[in-house]
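Below: one structure, written as structure tokens.
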Amino acid sequence: LLIRFFPLVMLVFLLSCSGRDKKPVVINEAGKLFMDYQVQAGEGDDNLTVLVRFRDGAEGDAFLLPPDAEILLDGQLLQADSVKRTGGFYETHLPIDSFQGVHHLVLRQGGKLIHDEAFNFAVMGLEEEPGDSLSRKDLVLKLTGLEEEDYVRVIATDTAFYSEGINRLDTIRNRQLILAQEDLVQLVNGPVQLILSREWEKTIEENGYPIGRISINYTLRREFILND
């Protein structure tokens, strides 16, 4: 993984966010340029979305790069856009089937490399389907396309308005997810909607200082009948 980040001195950005245009700002403190990279996809979709924002801090406003700077995905230039509510961003939509593997997001200014962030994208799947009808015993799901340690949000809802269902973020080890019998007690008999959403995120650091984050979200949906 190649990470190069030059001192952010005299780097001029044209900000456009929070519903109003801002004057050009000289950012001269390391960490003021916060790179927010997101990859979003779901089973059944033809395309995924790569969304890039540059912020003035981890939770700060999003802005567009100056004219002499650019962000590229695997050598392809991402086009700038902006909306009043969320500010400037860079976005592209690509076929999921051909996107698996290692990719690079490269930030350049004046033809010089500022930062190169590599990431791996894999489609999350199930080795075996859970079936159309399940009883209240431990449900073991073996997942594919994950790291040895990964994170998956589990959401399970039934048709009862008084049921809280299941909504939690699980740490997945050895690519195995377990919905225990006591978990299924929270659901009533009948149709159950199960959503598994990979929520992988990594902090991008330079000399121990956070300068960005990259997150990958991939969603699976299943439905089954739950019985005693």
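Values for this structure:
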item: Signed unit charges on C-beta, dipole axis of the chain, positive-most listed residue Gly110, Pro130, Gly75; result: Gly110
item: Ratio Rg/Rh, restricted to region 53-181 and using Cα atoms, in which Rh is the Kirkwood radius; result: 1.10
item: Sites excluded, trypsin sites (Lys or Arg not before Pro) in DSSP loops with at most 14 other C-beta within 10 Å, longest stretch of the chain; result: 138-228
item: Accessible-area value, Tyr151, 1.4 Å probe, nucleic acids and ligands omitted, Å²; result: 80 Å²
item: Where N is the number of residues in region 155-228, Cα Rg divided by 2.2 N^0.38 Å; result: 1.47
item: Which of Glu201, Glu149 is most accessible, then next, and so on - probe 1.4 Å; result: Glu201, Glu149
item: Ser98 - accessible surface, heavy atoms, 1.4 Å probe, Å² rounded to 10; result: 90 Å²
item: Computed over region 95-228: relative contact order in percent, which uses C-alpha pairs under 8 Å that are six or more apart; result: 23 percent
item: Magnitude of the charge dipole, the chain, Cβ model with Lys/Arg +1 and Asp/Glu -1, debye to 20; result: 860 debye
item: Neighbourhood net charge (15 Å Cβ-Cβ; Lys/Arg +1, Asp/Glu -1) for Glu147; result: -1
item: Net charge over other residues, Cβ less than 14 angstrom from the Cβ of Glu128 (K, R count +1; D, E count -1); result: 0
item: Calculated from backbone phi, Karplus (6.51, -1.76, 1.60) coupling profile of region 63-68 in Hz, x at Gly/Pro; result: 9, 8, 5, x, x, 8
item: Amide hydrogen neighbours beyond the local backbone of Phe224, cut-off 5 Å, H modeled; result: Val192, Leu194
item: Expected 222 nm ellipticity per residue - DSSP helices of 4 or more, -39500 (n - 2.57), all of the chain, to 500; result: 0 deg cm²/dmol
item: Accessible area in the full protein assembly, largest first, 1.4 Å probe, for Phe89, Phe99; result: Phe89, Phe99
item: Distance in nm between pseudo-label sites at Leu77 and Val185 (7 Å out along the Cβ direction from Cα); result: 6.1 nm
item: Given (1) 54, 16, 13; (2) 40, 18, 16; (3) 28, 21, 16, the label whose value is semi-axes √(5λ) of the Cα gyration tensor in Å derived from this model; result: (2)
item: log10 of Debye I(q)/I(0), alpha-carbon scatterers only, for region 51-92 at 0.16, 0.21, 0.23 Å⁻¹; result: -0.39, -0.66, -0.77
item: Residue-wise HN-Hα coupling along region 74-85, computed from phi with Karplus coefficients 6.51, -1.76, 1.60 (Hz; x: Gly, Pro); result: 6, x, 9, 5, 8, 7, 7, 8, 7, 10, 5, 6
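The values are calculated or read from the model by the stated rules, or taken from the named source; none is laboratory data. Keep in mind it's a predicted model, so treat the numbers as computed, not measured. Here the Cβ is made from the backbone with ideal geometry for all residues, glycine too, and neighbour counts use every protein chain on show. The protein model used for the area step is the full one, side chains on, heavy atoms only, and it has no ligands, DNA or RNA in it. Shrake-Rupley method; radii C 1.70, N 1.55, O 1.52, S 1.80 Å.
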